[in-house]
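Worksheet for the structure shown next.
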Amino acid sequence: MGNHSTKNASPSAPSDAIEWSDSMSVGIQEIDEQHKVLVAIITQLHHAIKEKHSSQVVVDILSRLTEYTKTHFMVEESILRIMKYPDYNDHKKQHDHLIKKMSHLKKKVKKGNTAIGFELSHMLKMWLVNHIQVSDKDHSEFLLKKGVAAHWKKKSIIDRIFG
């Protein structure tokens with residue numbers, strides 16, 4: 001009786017795609033808009049893996065994700081350095097660790113290890129959600145207290161380049 005409505009999927013299951021929600025907002029539009037792009041690319045990656053696209057398609061999406069992630073990190077780290085964020089070095093280490101891990105997993109996919117796909121998708125989802133909701137919210141509170149504007153009327157520079 002109860003089995004027909006039971007689902008094996010949980011919010012953290014690797015088969016679930018990531019979706020943007022207001023709970024992920026850090027309160028700074030520029031950073032939120034960049035995070036939304038990261039979520040969208042990770043979702044594309046997830047669907048490509050789930051739909052068993054070729055490893056080349058997965059590598060292409062992963063390459064786009066890596067480039068956008070590096071750009072986002074560069075923007076975020078620049079703001080943190082300028083505003084003298086006290087935990088800058090630790091935050092940068094988290095960024096560097098993710099880029100290194102993405103590069104390592106991309107190499108595995110390039111070699112034809114498609115089994116790595118869901119591990120990769122799940123890892124990226126969990127890292128991004130945790131990083132945004134913990135580390136990025138911490139530095140955003142700091143930045144807002146220092147007077148960083150929460151909203152801009154014009155399109156962000158990243159949106160103009162990558163949008």
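Which entries of 70/111; 36/93; 52/92 show an alpha-carbon separation above 27 angstrom in the structure shown?
Values: 70/111 23 Å; 36/93 22 Å; 52/92 34 Å.
In this structure, 52/92 lie more than 27 Å apart at Cα.
What FRET efficiency do you get for residue 83 and residue 19 if R0 is 45 Å and r is their Cβ-Cβ distance, rounded to the nearest 0.05? Could you put the intermediate results ahead of the total?
Details: r = 30 Å, r/R0 = 0.67.
Result of the calculation: an efficiency of 0.90.
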Virtual spin-label span in nm between residue 75 and residue 36, 7 Å along Cα→Cβ: 1.2
Residue 29-residue 100 pseudo-label distance in nm [points 7 Å out on the Cα-to-Cβ vector]: 3.7
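Kindly state, to the nearest 0.05, the FRET efficiency for residue 127 paired with residue 149, given R0 = 22 Å and r defined as their beta-carbon distance. Walk me through the numbers on the way to the answer.
Details: r = 27 Å, r/R0 = 1.24.
The formula returns an efficiency of 0.20 here.
We did not get these values from a lab; they are worked out from the coordinates using the rules stated. What you are looking at is a predicted structure, and each value in this text was computed from that prediction instead of being measured. A quick note on method: Cβ atoms are made from the backbone with ideal geometry, for glycine too, and the neighbour counts reach across all protein chains shown.
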